[in-house]
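Take a look at the structure set out below.
The values are calculated or read from the model by the stated rules, or taken from the named source; none is laboratory data. Quick caveat: nothing in here was measured; it's all calculated off a predicted structure. Using ideal geometry, Cβ is built from the backbone for each residue, glycine included, and neighbour counts are taken over all protein chains shown. Heavy atoms of the whole protein, side chains included, go into the accessibility calculation; ligands, DNA and RNA do not. Shrake-Rupley method; radii C 1.70, N 1.55, O 1.52, S 1.80 Å.
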Amino acid sequence: MKRGLLPVKSSLPPGLDARSAAILREIVEEYVESGEPVGSRTLSRRLGLPLSPATIRNVMASLTEAGLLFSPHTSAGRLPTEAGLRLFVDGLLQFGSLSEEEQAGIGRSLEARGRSLQETLTEASALLSGMSDAAGLVVAPKGDGGIKHIEFVALGGNRALVVLVGADGRVENRVMETPVGMPPSALIEAANYLNARVLGATLPDLRQRVGVEMAENQNALDKLTAEVVESGLAVWNGGDDARGGTLIIRGQGKLLADVDGQERLLAIQTLFDRLETQETMLRLLELAENSAGVRIFIGAESGLFGASGMSMVVAPARNDANRIVGAIGVIGPTRINYGRIIPVVDYTARFLGEMLG
């Protein structure tokens, strides 16, 4: 893989001459490929330039002093810092492009007929994971459409799962507390009662309809079943939860592929824990809403994952009215293939936005 010096032009990152930029780019690309430190002799062979290893070492030393490279151990090799990766992404990255065949494949995967919205979003997440070799994520804002079905599932310990299926096929879950001494039949009766009154109503409509009916006819349900109905509807009420949505992640196991050491494993576990929180979903949607296109977050830049050594590429999916219908992205180690992943995320987000628009 031979490359010449980058041309000297205004787009060159500030503070870097063409030689330094070429060496930094080569180190980052080797890091993306192998994850291993890069030495001066390897760089001399890869660059194919009339530069001695000693000259390259001097440039590497200057890049290290500038905070763009670091040495992971006593080896003479270097790896990019997060600042170095940021400089590479902003000014040195050579983007790949999707072939017509790849674009058509994305379209076929997402346009399959007879699939619910939930299934389409899940397919989009799996698709991103497969094409990026990282974890794919899709966040859809909370829908305000009609309800198709409500179900209660006993979890034990005076808790139950409330499952709400929207008319658009979206499935959302909440955990609720159940009354002490409640028989299992109360969950079935509560679900039957609500489903008989759904009729495509939105949640606010259903709350009002049920509230009026139960106030007028207090004998319609026994006391424990009535408590289940009220609690089941209450878990969808209020505050930031109303701004929530659906977060779908596929390919989490790929984040563990290169994990070595307990500290790294704990960082990945922290990432998993944070991805499950409502706050994270809201933040991801906020990041998408503030983006005109693809955004790349390296390390702690997103404010979501701390210094976990992870990168996230995320883009908004917008409909024809330019309204956000979701956030599409990929999460992986900082050595993800940015040049490959960015066009994949961009095209998938735009396609999904048009399809759901």
Open item on the list: On alpha carbon coordinates alone, what is the Rg over Rh value for region 147-236, Rh being the Kirkwood radius?
Closed with: 0.94
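Full extension from residue 158 to residue 192: what is 0.36 nm times the residue separation minus their Cα-Cα distance, to one decimal in nm? Could the numbers behind the result be given before it?
Numbers: separation 34, 0.36 × 34 = 12.24 nm, distance 2.01 nm.
That works out to 10.2 nm of additional length.
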Task: Spatial separation of Cα centroids for region 173-228 and region 77-155, in angstrom - done: 36
Open item on the list: Just to make sure I understand: if all protein chains stay in place, what is the order of 280, 270 by accessible area at 1.4 Å, largest first?
Closed with: 270, 280
Task: residue 148 long-range amide H proximity, modeled H, under 5 Å - done: 165, 166, 167
Open item on the list: Over region 147-236, with the other protein chains present, what is the accessible area per residue in square angstrom, probe 1.4 angstrom?
Closed with: 52
TODO: Set the Förster distance to 56 Å, then compute FRET efficiency between residue 45 and residue 286 from the Cβ-Cβ distance, nearest 0.05.
DONE: 0.80
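For region 44-118, which chymotrypsin sites (Phe, Trp or Tyr not before Pro) are in a loop by DSSP, counting at most 12 other Cβ atoms within 10 Å?
Working: sites: 70, 88, 95; in loops: 95.
Filter output for region 44-118: 95.
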Open item on the list: Once R0 is set to 56 Å, what does the formula 1/(1 + (r/R0)^6) return for the Cβ-Cβ distance between residue 177 and residue 17, expressed as a FRET efficiency to the nearest 0.05?
Closed with: 0.30
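Per the 1.4 Å probe, what fraction of the accessible area of region 147-236, in percent, lies on carbon and sulfur atoms? Display every interim value, and only then the final one.
Details: 2540 of 4690 Å².
Looking at region 147-236 in its full context, I get 54 percent from C and S.
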- [ ] At 0.36 nm per residue, minus the direct Cα-Cα distance, what do residue 185 and residue 301 gain on full extension? Give it in nm, one decimal, please.
- [x] 36.8 nm
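Could you rank 125, 34 by how accessible they are, 1.4 Å probe, largest area first?
On the way: 125 0, 34 45 Å².
Of 125, 34, the descending order of accessible area is 34, 125.
Solvent-accessible area per residue for region 18-92 at a 1.4 Å probe radius, Å²?
Details: 3210 Å² over 75 residues.
Using a 1.4 Å probe on heavy atoms only, each residue of region 18-92 averages 43 Å².
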- [ ] Specify whether the C-alpha gyration tensor of region 18-92 places it in the rounded, prolate or oblate class, a ≥ b ≥ c being the square roots of the eigenvalues: rounded for a/c under 1.5, otherwise prolate if a/b is larger than b/c and oblate if not.
- [x] rounded
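Suppose the chain between residue 104 and residue 265 were pulled fully straight at 0.36 nm per residue; how much longer would it get relative to their current alpha carbon spacing? Don't skip to the answer; put the middle values down first.
Working: separation 161, 0.36 × 161 = 57.96 nm, distance 3.71 nm.
Taking residue 104 through residue 265 to full extension adds about 54.2 nm, to one decimal.
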